[in-house]
There are 2 protein chains.
Amino acid sequence: MIETPYLLFLGDAPDGLAAKVAQGIKDWRPEYALGQFRMDGCKADMKLPDMTLEEAYAKGARTLVIGVANRGGVISEKWKQVLREALEVGFDLASGLHNLLRDEADLVSTAKANGRTLHDVRVPSVKYPIANGEKRTGKRCLAVGTDCSVGKMYTALAMDKEMRARGMKSSFRATGQTGILITGEGVPLDAVIADFMAGSIEWLTPDNDADHWDLIEGQGSLFHVSYSGVTMALVHGGQPDALILCHEPTRDHMRGLPGYKLPTLEALRDVALELAKVANPACKVVGISVNTQHMSEEEAKTYLAEVESRMGLPAVDPFRHGAGRLVDALAAI
Amino acid sequence: MIETPYLLFLGDAPDGLAAKVAQGIKDWRPEYALGQFRMDGCKADMKLPDMTLEEAYAKGARTLVIGVANRGGVISEKWKQVLREALEVGFDLASGLHNLLRDEADLVSTAKANGRTLHDVRVPSVKYPIANGEKRTGKRCLAVGTDCSVGKMYTALAMDKEMRARGMKSSFRATGQTGILITGEGVPLDAVIADFMAGSIEWLTPDNDADHWDLIEGQGSLFHVSYSGVTMALVHGGQPDALILCHEPTRDHMRGLPGYKLPTLEALRDVALELAKVANPACKVVGISVNTQHMSEEEAKTYLAEVESRMGLPAVDPFRHGAGRLVDALAAI
């Protein structure tokens with residue numbers, strides 16, 4: 001578990017897109033985002049107070065989160081000067097970069113000398129069990145997609161936010177690097193050893209109050225041949241009571257797989273539900289989340305109405321229209 | 001790749017069952033099984049020549065394979081005396097034990113001093129790619145089960161043997177520890193990092209002659225909540241042209257999961273085929289392999305006839321009746 005609140009390190013980000021992680025934290029956990037730290041030449045801006053390390057620490061920030069992708073897979077010496085100083089000031093560091101903080105000898109020794117922790121969220125830090133399939137108390141909702149990167153994380157975060165606003169009990173359960181950095185905890189599922197995947201999700205979504213919902217971040221797709229095994233482990237380890245189907249209607253092939261068409265929402269519904277019922281016979285498909293970012297408002301409305309009538313389920317773009325109707329559908333279970 | 005032929009180390013096996021790995025090698029790759037090495041008190045016997053390390057080496061054996069499970073997860077000092085001596089004589093060591101050879105300092109130093117290799121087949125030794133889903137030449141058959149441990153490995157090995165006997169081109173592709181020790185190579189799929197599972201199976205079953213069949217060892221079950229993600233990766237990474245359904249009809253629940261009923265063969269057929277068609281639209285279910293070990297000959301015959309007529313597919317127990325009809329079904333594709 002990563003200590004909050006955070007100071008968001010934007011480094012020398014060439015643009016706002018490179019700072020996707022920082023943006024996610026600011027959007028979904030603004031209470032964790034105390035301030036931002038920008039180096040010379042930084043082109044990203046989260047509209048947060050710019051702070052020195054000392055200022056942020058004095059205001060209570062405890063972890064410097066690397067909120068920006070690095071270029072060329074190398075943690076530059078410029079960055080490292082800041083990171084070492086942060087450790088000396090008293091910060092832990094948290095990163096989802098491919099190249100690990102723990103592989104940088106100077107960061108390791110500085111962290112050790114100052115009693116600080118390096119969180120590489122790409123690497124599991126827990127010895128997960130093998131899944132036992134036992135029924136757990138509380139309720140769980142899983143977002144499954146027709147493809148990778150169709151908005152599953154966004155959908156779960158938006159539903160969680162709406163549920164909290166309504167005073168419902170809910171937890172977003174992160175299963176990827178960005179989600180873990182946003183919430184400070186979770187399972188980096190794509191880095192878990194095969195035998196323990198489903199068990200890691202059981203561990204992530206334990207017994208809870210009968211009226212508590214886990215909103216589980218989906219990964220991959222049952223129809224994406226590179227990552228379907230990871231998705232399968234979520235469907236069975238997550239033991240969902242409710243599935244949300246996620247879709248991006250303007251793609252002409254699966255992400256990274258030219259020649260592979262996206263499945264229909266009907267095919268996703270049927271396969272995902274059949275498999276989910278193995279772990280939870282009461283599971284239902286309750287709604288559809290469509291990423292309409294590449295459609296005009298009019299196109300989006302028409303498309304959503306068509307899907308809604310065809311599938312007999314609420315179909316919304318939570319980014320455009322809010323997650324309210326998806327939460328209504330959950331609340332009705 | 002493990003050097004052959006082998007000397008099979010039976011240690012102080014308390015019974016024949018403990019020497020399952022040695023039995024598998026002797027049954028399926030008798031040409032690799034040059035002899036056996038038994039310690040005082042060994043109750044297992046593969047009916048192979050008993051040899052000293054020096055004798056076996058002189059006859060050409062190059063790897064001492066640990067063909068027996070150890071007790072209590074500890075490699076005993078008694079065993080290690082033999083293993084160290086084997087390294088000094090010139091053998092590599094190969095093991096599928098949970099506790100690794102490489103974690104034993106004395107074995108590591110003796111191997112190093114003698115230029116020998118320690119093969120821990122539970123641990124991947126290859127950096128596998130992420131699956132790209134590209135169509136490969138040659139043909140592939142995957143055994144999928146209603147449950148774990150229903151005879152998928154046996155089925156694939158029996159089909160491979162029959163195909164070789166007929167002069168067909170085939171390769172058994174091992175995906176588990178026993179299979180890897182039997183054939184000397186393969187992917188320890190349950191130990192692969194989630195993101196690379198499907199890619200490891202693409203790597204294992206590369207482009208081949210148009211009339212060559214890979215017989216891929218199945219793992220887990222799409223309906224087994226602990227391991228279904230591993231199975232899913234086989235279905236998509238294996239890109240099978242043909243599926244064989246495997247079943248053990250006398251179980252009252254899924255292995256290790258009290259309360260979970262086995263799916264019907266129809267449910268397995270429908271879900272597995274729908275998912276397999278994502279990677280290979282031409283995939284077909286061609287036959288059914290039933291493990292009838294807990295049925296009388298009469299019961300088995302009646303059951304197989306019933307399944308065959310109900311499913312419209314050849315249904316056989318390859319152990320009792322040979323894999324001939326399953327191979328006929330493959331050959332007819």
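The numbers here are math on the coordinates, done by the rules we state, and not lab data. These numbers come from a predicted model, not from an experiment. As a convention, Cβ positions derive from the backbone with ideal geometry for all residues, glycine included, and neighbour counts pool all protein chains shown.
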Copies of A:P14 compared via label points 7 Å along Cα→Cβ give distances in nm, shortest first, of 6.4
About its Cα centre, chain A carries a charge dipole, from +1 on Lys and Arg Cβ atoms and -1 on Asp and Glu Cβ atoms, whose size in debye to the nearest 20 is 260 debye
Here the whole-number average of other chain Cβ atoms within 10 Å per Cβ of A:217-226 is 5
Placing +1 on each Lys and Arg Cβ and -1 on each Asp and Glu Cβ in segment B:1-149, then taking the dipole about the Cα centre, the residue among B:A44, B:P30, B:G138 whose Cα reaches farthest towards the positive end is B:G138
Least to most buried among B:H224, A:H321, by other C-beta atoms within 10 Å and fewest first, runs A:H321, B:H224
Taking Cα pairs closer than 8 Å and at least 6 residues apart, the relative contact order of segment A:163-222 in percent is 43 percent
Once the in-chain neighbours fewer than 8 apart are removed, the aspartates and glutamates whose Cα is under 20 Å from A:K161 read A:D27, A:E31, A:E185, A:D209, A:D211, A:D214, A:E217, A:D241, A:D317, A:D328
The relative contact order of chain A, taking Cα pairs under 8 Å that sit 6 or more residues apart, comes to a percentage of 15 percent
In nm, the gap between the two label points placed 7 Å beyond Cα toward Cβ at A:D211 and A:S125 is 3.4 nm
Simple SL model, points at 7 angstrom along Cα→Cβ for A:T137 and B:S309; separation in nm is 5.1 nm
Sorted by chain and then number, the residues having a modelled amide H within less than 5 Å of the amide H of A:Q36, at least 5 places away or on another chain, are A:L8, A:D50, A:M51
Taking a label point 7 Å from the Cα of A:M168 along Cα-to-Cβ, the residues of segment A:132-151 whose backbone nitrogen sits under 17 Å from it are A:138-144
Over the protein assembly as shown, the sum of -39500 (n - 2.57) across DSSP H runs of at least four, divided by residue number and rounded to 500 deg cm²/dmol, gives at 222 nm -10500 deg cm²/dmol
If labels are modelled 7 Å from Cα along the Cβ direction, B:D328 lies from its partners in the other copies at nm distances, smallest first, of 6.0
Burial-style ranking of B:91-103, B:142-154, average other-beta-carbon count within 10 Å with highest first, yields B:142-154, B:91-103
Per the rule of 0.36 nm per residue minus the C-alpha distance, extending A:V74 to A:W203 adds in nm 43.1 nm
Counted neighbours (other Cβ, 10 Å), sorted fewest up, put B:K26, B:K135, B:K78 in the order B:K135, B:K78, B:K26
Contact order relative to length for segment A:17-111, counting C-alpha pairs under 8 Å separated by 6 or more residues, stands in percent at 26 percent
Checked against a 18 Å limit on the C-alpha separation, the offending pairs among B:K139/B:K169; A:K152/B:K127; A:K20/A:K112 are A:K152/B:K127; A:K20/A:K112
Mean-square fluctuation maximum in Gaussian network of chain B, Cα pairs under 10 Å, restricted to B:N291, B:N132, B:N280, hits B:N132
Inter-copy distances for B:D50, nm, shortest first, label points 7 Å along Cα→Cβ, are 8.3
Counted neighbours (other Cβ, 10 Å), sorted fewest up, put B:H253, B:H212 in the order B:H253, B:H212
